[in-house]
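One structure is given below, encoded as structure tokens.
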Amino acid sequence: MSRVCELTGKRAMVGNNVSHAMNKTKRKFNVNLVKKRFYIPEEDKWLTLRVSTSALKNINKLGISAVIKEARANGFLKQ
């Protein structure tokens with residue numbers, strides 16, 4: 001399973017490890033993902049998602065219904 005947030009579409013980025021001598025080697029910046037269950041009162045069901053911690057902060061701020069609606073509009077979450 002790929003490390004992609006199901007609500008925001010965040011995925012791993014590529015960068016460099018830089019040593020004290022300024023030697024550069026490739027590295028990966030992985031997304032901080034959490035598997036979490038959410039209750040959606042409009043649909044009266046539970047939904048399990050792999051979301052980034054920044055998406056969790058958005059859910060706490062805006063509510064799960066608004067975030068899911070926005071994710072479906074952006075094409076990240078299926079109906």
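The values are calculated or read from the model by the stated rules, or taken from the named source; none is laboratory data. Just so you know, these numbers come straight off a predicted model, no measurement behind them. Heads up, the Cβs are rebuilt from the backbone with ideal geometry, glycines too, and the neighbour counts pull from every protein chain shown. All accessible areas refer to the heavy atoms of the entire protein, side chains included, with ligands and DNA or RNA removed. Shrake-Rupley method; radii C 1.70, N 1.55, O 1.52, S 1.80 Å.
Observations on the model:
- Cβ-Cβ contacts under 6 Å between residues 6 or more apart (or on different chains), taken from a first residue in segment 46-63 that is touching a residue at least 40 places away in the same chain (Cβ under 8 Å) to a second residue that is open to solvent by 100 Å² or more (accessible area, probe 1.4 Å), are listed as Arg50/Lys35.
- Top-ranked residue in segment 1-29 [being touching a Lys or Arg at 6+ places or on another chain (Cβ under 6 Å) and part of a loop (DSSP other than H, G, I, E, B); ranked as surrounded by the fewest Cβ atoms within 10 Å (Cβ to Cβ)]: Ala12
- Looking across segment 30-44 at every residue that is under 19 Å from Gly63 (Cα atoms) and open to solvent by 90 Å² or more (accessible area, probe 1.4 Å), the one that is nearest to the chain's Cα centre (by Cα) is identified as Lys35.
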